[in-house]
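See below for the structure under consideration.
Rule-based calculations on the coordinates, nothing more; no lab input. These figures come from a predicted structure and were not determined experimentally. Note that each Cβ is placed from the backbone with ideal geometry, even for glycine, and that neighbours are counted across all protein chains shown.
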Amino acid sequence: MNRDKKNHNRLLIVSVIVFSLVFFGLLTYAIWDNIVSEKSIIRLGDYSSLTYNTSDRDKAGTEVTDLVVSRTRFGGLIKKEAEKMYEATMKVYQEEAEYNKISLAQYIDTFFGTTEEKLRKDVKASALQVAKEEAVLDAIAERENITVTAYQFEKLLADYMDSVGYTDREQFLTTYDENQLREQMRRELTVDWLLEHASGPQLESGTGEEE
């Protein structure tokens, strides 16, 4: 009888210990999840041994960036940033639909040849990928101290203006935010930096190099 009572007490104590471990484990995870949710990147992936398999610079840049993204652990904030991109994109489509005096579904069917549901799904996936790529490139740029020189700014600015048909520099900078342009330029230069330190076929010359 006493032996059974002792065994029962022992099982009770073990149960309490196990419950405590599980409870505190879940509590620790909840606290950790709350902390990391305020970060875009928890751990930046290794980018010291990247490879690409094409001679096309744009495709090679996508390859090395995707590799680092796949090796990176992201925090909860990245989803919030992706959601902002998604909402901004859908707002543009909605405004375009209203301008053309048609429904959003009609606009999507006319200009994209798909359903609203599928487009929303695709835009969400694209926004999350872009948010991850930007976070990774920004983190590498910070770590490697990659900056946009005055020469690089003017050269890339001329390329941007040409791509959208602008000839007036001041008008272009009035239309497009300069800080956002500089961020985009730094990301492009960071991709160039990654390609310079990666291995693969010979690529065409970059556009941001000083001559």
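Please give me the summed charge of the neighbours of Lys91: other residues whose Cβ is under 15 Å from its Cβ, Lys and Arg +1, Asp and Glu -1.
Values: positive: Lys84, Arg120, Lys124; negative: Glu83, Glu87, Glu95, Glu96, Glu98, Glu116.
For residues surrounding Lys91, the net value is -3.
How would you order 133-141, 75-83, 150-158 from highest to lowest mean count of nearby Cβ atoms within 10 Å?
Details: 133-141: 20.6, 75-83: 17.2, 150-158: 15.7.
Highest-to-lowest ranking by the protection proxy: 133-141, 75-83, 150-158.
Identify all lysines with a Cα-Cα distance to Lys101 below 21 Å; exclude those on the same chain that are fewer than 8 residues away in sequence.
List returned: Lys91.
Exceeding 31 Å between C-alpha atoms, which entries from my cross-link table qualify? They are Lys79/Lys155; Lys80/Lys155; Lys80/Lys118; Lys121/Lys155. Let's see the in-between values first.
Values: Lys79/Lys155 33 Å; Lys80/Lys155 33 Å; Lys80/Lys118 21 Å; Lys121/Lys155 36 Å.
Pairs exceeding 31 Å: Lys79/Lys155; Lys80/Lys155; Lys121/Lys155.
Taking only the alpha-carbon positions of region 42-196 and ignoring solvent, what does the Debye formula give for the base-10 log of I(q)/I(0) at q = 0.16 Å⁻¹?
Debye curve over Cα of region 42-196, log10 I(q)/I(0) at q = 0.16 Å⁻¹: -1.10.
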